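Down below is the structure, laid out as structure tokens.
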Amino acid sequence: VLVSNIEIDKLANGSAEVIEQTLKLEYCAVGVVSDGGIRSFSKSQALNIQRVGKALADTQLFQEATILAEWQPHGHEGAIKTVLREANVAALTQLGQTSSGNAALGYLIVGEKKSGNPFTSNDKRTLDTVSKELSIAIQNALHYEEIQNFNQTLQARVDDATRKLRRTNQRL
């Protein structure tokens, strides 16, 4: 999924689906930070990303990329984990950094395991590893999207200039 898709929606939806099936989760969603908001991608469930907005903003305070809601809270993490539990989020993984480096690129948001078993340290390492690979793929997709938008803008300018040139030629 990561190497065969360059469009952000296909990449995010496909990745969420594979992660959900592989880890046997209730749901998996990918949220990508965009224009001050978060675009949410999930085929299995329309996750209300606003419900975990505060937790997403506060993840910048964590040293680790993945926050597991069921693990014992420590200090400030306790309040964030409470928000995650209330939103039915079992784990929240930060996906890299934006090009400016001061904000998260996006988030991987997962529900509980269908089996009801708790997340293990191996699950946490898996989410951390997947998030690194997914971050690179999302950055590539965002760059591709940016280039596509630039191409459309450039084409519109060329079309406008061509129309003006034709009108000028007709007058001449």
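The values are calculated or read from the model by the stated rules, or taken from the named source; none is laboratory data. Everything numeric here is computed off the predicted structure, so don't read it as measured data. As a convention, Cβ positions derive from the backbone with ideal geometry for all residues, glycine included, and neighbour counts pool all protein chains shown. Only protein heavy atoms, including side chains, enter the accessible area calculation; ligands, DNA and RNA are left aside. Shrake-Rupley method; radii C 1.70, N 1.55, O 1.52, S 1.80 Å.
With every protein chain kept in place and ligands, DNA and RNA left out, what is the accessible area per residue of the stretch 110-172? Probe 1.4 Å, answer in Å². Kindly include the intermediate steps, with their values, before the conclusion.
On the way: 4700 Å² over 63 residues.
Heavy-atom SASA per residue in the stretch 110-172 reads 75 Å².
Which ³J(HN,Hα) values, rounded to whole Hz and listed in residue order, are derived for the stretch 114-123 from phi using the Karplus coefficients 6.51, -1.76 and 1.60 in 6.51 cos²θ - 1.76 cosθ + 1.60 with θ = phi - 60°, glycine and proline given as x?
With coefficients 6.51, -1.76 and 1.60, one gets 4, 6, x, 5, x, 6, 9, 5, 5, 5 Hz.
Amide H neighbours of GLY106 under 5 Å, at least 5 residues apart or on other chains, H built in the peptide plane: list them.
VAL33, LEU95
Using a 1.4 angstrom probe on the protein heavy atoms only, could you order TYR144, TYR27 from most to least accessible area? Mind dumping the intermediate values first?
On the way: TYR144 85, TYR27 0 Å².
Final ranking, largest accessible area leading: TYR144, TYR27.
Amide H neighbours of LEU25 under 5 Å, counting only residues 5+ apart in sequence or on other chains, H built in-plane at 1.01 Å?
LYS114
Could you sort the peptides 151-164, 121-134 by per-residue average Cβ neighbour count (10 Å cutoff), highest mean leading? Walk me through the intermediate numbers first.
Values: 151-164: 10.0, 121-134: 16.0.
So the peptides 151-164, 121-134, ranked by packing, come out 121-134, 151-164.
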